[in-house]
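Throughout, read-outs are computed from the coordinates displayed, never taken from laboratory work. Only a predicted model underlies this, so the values are computations on that prediction, with no experimental measurement involved. Cβ sites come from the backbone with ideal geometry, for glycine too, and all protein chains shown count toward neighbours.
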């Protein structure tokens, strides 16, 4: 199964991620 | 066999056994190759690849076995089209039925231990570690975690709603979203038209850009996306990724093809074919949506505050979707969700 987030945010929104990395519920995805 | 003395049974020669088993495996392939050779002389209507046993054989057999079919000047049916014709929903519901069968007490540990070993499940995080507690694999699949197993990050405004693997993320460019690096699908096909019955009637999107404008409500903002793949051994509940208000749900019944990264790379618009539940609403910066996409083994999606949602039903009309608004007299904006709050779960079958 898959979860897809689609959202609007100001231009300076930054993801703290690398494609392919494992992630767990509660960990940071990103912020301004 | 049953009259021979026990001793002579152990004298059974390995060679005859090997010949018997080898022949037993190879003969059906020869017969099928001959049969398909015959079929290839038939005209296309006579050869209904839609009969899915043959579809599966077509897909499973190396193309060499089907040489005659591809040589008869016949457009080889693409494997994607074949895969889409596999009755994934039927398989998914059968898988779900199987996993609702209550396991005898003594069988639970071996069955769940095999699942844990195969998919690398970490049971030390489970709220209930005793395997005998789970009456069937469905219950085991819906296991909850110990509260302290997943601390919610307080620093960042958006957190991961679930365990999993990040397939892709970033800014949405010209209304195309990546399902994996390089494989995109249209945002409008994925979310459906923005015009909801009870909302302001948006003009139907004349172009991608106007669809984007319907989503981005504030000057200077951009659209972002993130795709998280949950593997079979992952914790399969999902939570609210931020503080937001859910105002609308759109359920797209659809196929239940596998969504593992390999398939997401292989089938363009895979996420637009599969059954999915799209929750939309607003957060402090404007539009926000979370979509749960089902798959063959995980065909059912539950949203805890949405009692009317029924997924993986036997009958549905292709391309249809059904909407539900959470805006009521009591909740003018919809259902408020706090970051990290329980939101829903995927279930087997």
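Could you list B:304, B:112 in order of exposure, starting from the residue whose Cβ has the fewest other Cβ atoms within 10 Å?
Working: B:304 13, B:112 21.
Listed from fewest to most nearby Cβ atoms, that is B:304, B:112.
Looking only at other chains, what is the average number of their beta-carbon atoms within 10 angstrom of each beta-carbon in B:220-233?
5
Mind jotting down the three principal axis lengths of region B:250-299 based on Cα atoms? Whole angstrom, largest first.
36, 20, 15 Å, listed from the longest principal axis down.
Average partner chain C-beta neighbours within 10 Å, per residue of B:280-289?
Mean inter-chain Cβ contacts per residue within 10 Å come to 3.
May I ask for the equivalent-ellipsoid semi-axes of region B:229-349, computed as the square root of five times each C-alpha gyration tensor eigenvalue and listed largest first in whole Å? Mind dumping the intermediate values first?
Working: eigenvalues 122, 55, 36 Å².
Equivalent-ellipsoid dimensions as semi-axes: 25, 17, 13 Å.
What ranking do B:128, B:183, B:246 get, fewest neighbouring Cβ atoms within 10 angstrom at the top?
B:128, B:183, B:246
Between residue B:148 and residue B:325, what is the label-point separation in nm under the 7 Å Cα-to-beta-carbon projection?
4.6
Would you mind giving the mean number of other chain beta-carbons within 10 Å of the Cβ of each residue in B:292-298, as a whole number? It would help to have the intermediate numbers written out before the result.
Working: counts 4, 4, 2, 2, 1, 1, 2.
Mean partner shielding for this stretch: 2.
Testing the spin-label approximation: label points 7 Å from Cα along Cα→Cβ at residue A:21 and residue B:119. State their distance in nm.
Taking the simple label geometry, residue A:21 and residue B:119 are separated by 2.5 nm.
Considering only DSSP beta bridges whose two residues both sit in region B:220-349, what percent are antiparallel, to the nearest 5?
95
Hey, fewest Cβ within 10 Å first, where do B:283, B:244, B:106, B:266 land in order?
Working: B:283 21, B:244 27, B:106 8, B:266 16.
The most exposed by this proxy come first: B:106, B:266, B:283, B:244.
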